[in-house]
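The values are calculated or read from the model by the stated rules, or taken from the named source; none is laboratory data. These figures come from a predicted structure and were not determined experimentally. Note: ideal-geometry Cβ built from the backbone for every residue, glycine included; neighbour counts use all protein chains shown. Keep in mind that these areas ignore ligands, DNA and RNA; they rest on the heavy atoms of the full protein, side chains included. Shrake-Rupley method; radii C 1.70, N 1.55, O 1.52, S 1.80 Å.
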Amino acid sequence: MRVAIIGSGPSGLISAKHCWTTLKNLQVLHIYEKLACLGGAWCDDKEHTILYDNLRTNLPTELMEFEGLSYENNNLRSSFVEASVVTRYLIKFADVFELKQYIKFETQVIKVSRIKEEWELIACHIPTNQITKVKYDVIFVCNGHYEVPQIPHFNGLENFKRKKSENRVIHSIKYRRPEMYQGLQVLIIGGGPSAVDISIDISSAAKYVYLSHHTDDLKDTKMPANIIHKPDIDCFSDDGVTFIDGTYSQIDRVILGTGYKYSLNFLDDTCGLWIEDHMYVTPLYKQFISIPNPTMVIIGLPTRTFIFPLLETQVKCMIQILNGNATLPSADEMHKERQLNEQNFELKGIPKKKYHNIAGLVRQYMSELFALGNMEPLKEVIFNMLEKNISIRKKNLVGYRNYKFTIVDSENYEIMHIN
């Protein structure tokens, strides 16, 4: 069996580990990575990183590790660590399981096509511009979804952007440190994790931070006093912004915490997948297996969950299928389930861009994967810690990282507050 993995971030590395260690009849394993380093969003390449200086994980390390390797965090006071700790973990993971030998660094996938019963992958080695064309039996798409910024249209923003400063408006992907906003009035647009975390980070330097969002839960949590909740935006003027409630604020800088678009532009039409509303990949079974061509999987699409355990469960499920230890339903049955899920979302008024958001449905989704792959479920303690973390974060966005989790057994954990 010939396997290609696109991307060497967490999803690519865990796919490679299980292909290398458990996939039967593996003949070829190639990992395509367009950067010169592994880690994906956690790559420490200063030119391409999306990580800002003060970033810390919003999940405890106990929910950010793969089977077979734990963090060296016995001496860490908090379970929530700097980005560099995650980067080192992923590098060590690749070393321990000898995965670097399979990585084609600085090699960008240009096109993937379905030709008869095979996949054809065309890639370019960036330093030499050399093109390669290779046939595979299975494709793991692990390119992540933190690369292409989502930039909504706002009336007047272009005029505001042109005034005074070159970096007056940026996407959160370009944010690095709060000192650049010392004494300024900053508008941050968005209610997701990046927008909220950057608001708190900037509040240490900015005069005021106006956080524009429509997430009611945020208004009930503890935030720094100089963060002011505002509704959605009506329009920009040369020096400020008017909100839909008619209020106006003068602002110096804008940060767009408006998320990212999913990008699969290297998959041609023969692959049978497409993206709707920028963030919904379809038609997939269980949000990761291509229904038209089930030897292609998209690993890591679900959001608002524990990422690492979910990635590993998706990969193990696919390996079980490839090894003949689990069986997929018919294409008609898979399409019917997908369509039923879409109808349920539509009835609830949920836009397609949120179909991969499984907040509140993590247990249900994971149990479906365990059943599909005939696998043992995760330890209950993993779900319990996730739910506790969500509960603490909802109440106190400033201080929820000041905790140390310790797993006691398969169901229980200890948690200690750190002053």
- Under a 5 Å amide H to amide H cut-off, with H placed in plane at 1.01 Å, what residues pair with residue 29 once short-range neighbours are removed? 3
- To the nearest 20 debye, what is the magnitude of the charge dipole of the stretch 221-362 about its Cα centre, counting +1 on the Cβ of each Lys and Arg and -1 on the Cβ of each Asp and Glu? 560 debye
- Message: Given the options 397, 370, 307, identify the residue whose Cα lies farthest towards the positive end of the charge dipole of the chain (+1 on Cβ of Lys, Arg; -1 on Cβ of Asp, Glu).
- Response: 397
- Message: Explain nothing, just compute: Karplus ³J(HN,Hα) = 6.51 cos²θ - 1.76 cosθ + 1.60, θ = phi - 60°, for every residue of the stretch 89-102 in order, whole Hz, x for Gly and Pro.
- Response: 4, 5, 5, 5, 4, 5, 5, 4, 9, 6, 8, 4, 5, 9
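Which whole-number percent gives the relative contact order of the chain, counting Cα pairs below 8 Å spaced six or more residues apart? Before the final figure, lay out each step's value.
Working: 805 pairs, mean separation 73.1, N = 419.
So the answer I get is 17 percent.
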- Would you mind checking the pairs 286/348; 34/261; 46/174; 230/348 and listing those with alpha carbons more than 22 angstrom apart? 230/348
- Note on the structure: Helix-only [θ] at 222 nm, the chain, -39500 (n - 2.57) per DSSP H run of 4+, per residue, nearest 500, equals -8000 deg cm²/dmol
- Message: Output wanted: per-residue J couplings in Hz (rounded whole) for the stretch 103-117, from phi through Karplus 6.51 cos²θ - 1.76 cosθ + 1.60, θ = phi - 60°, x for Gly and Pro.
- Response: 8, 9, 5, 6, 10, 9, 6, 9, 7, 10, 10, 9, 10, 6, 9
- Message: Please compute the contact order of the stretch 151-256 in relative form: average sequence separation of alpha-carbon pairs under 8 Å and at least six residues apart, divided by the residue count, as a percent.
- Response: 34 percent
- HN-Hα couplings for the stretch 370-383 via Karplus (6.51, -1.76, 1.60; θ = phi - 60°), in whole Hz with x for Gly/Pro, come out as 4, 5, 4, x, 6, 10, 5, x, 5, 4, 4, 4, 5, 5
- So which residue, out of 18, 171, 153, gets the largest mean-square fluctuation from a GNM of the chain using Cα contacts under 10 Å as springs? 153
- Any lysines whose Cα falls less than 18 Å from that of residue 388, other than same-chain ones fewer than 8 residues away, would be 222, 379, 404
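Can you give me the % of accessible surface on the stretch 151-256 that is carbon or sulfur? Probe 1.4 Å, all protein chains present, nothing else counted.
Values: 2380 of 5170 Å².
So the carbon and sulfur contribution to the accessible surface is 46 percent.
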- Report the antiparallel proportion of the DSSP beta bridges in the chain as a percent, rounded to a multiple of 5. 50 percent
- For the stretch 69-152, treating each Cα as an identical point scatterer without solvent, what Debye log10 I(q)/I(0) comes out at q = 0.16, 0.18 1/Å? -0.91, -1.01
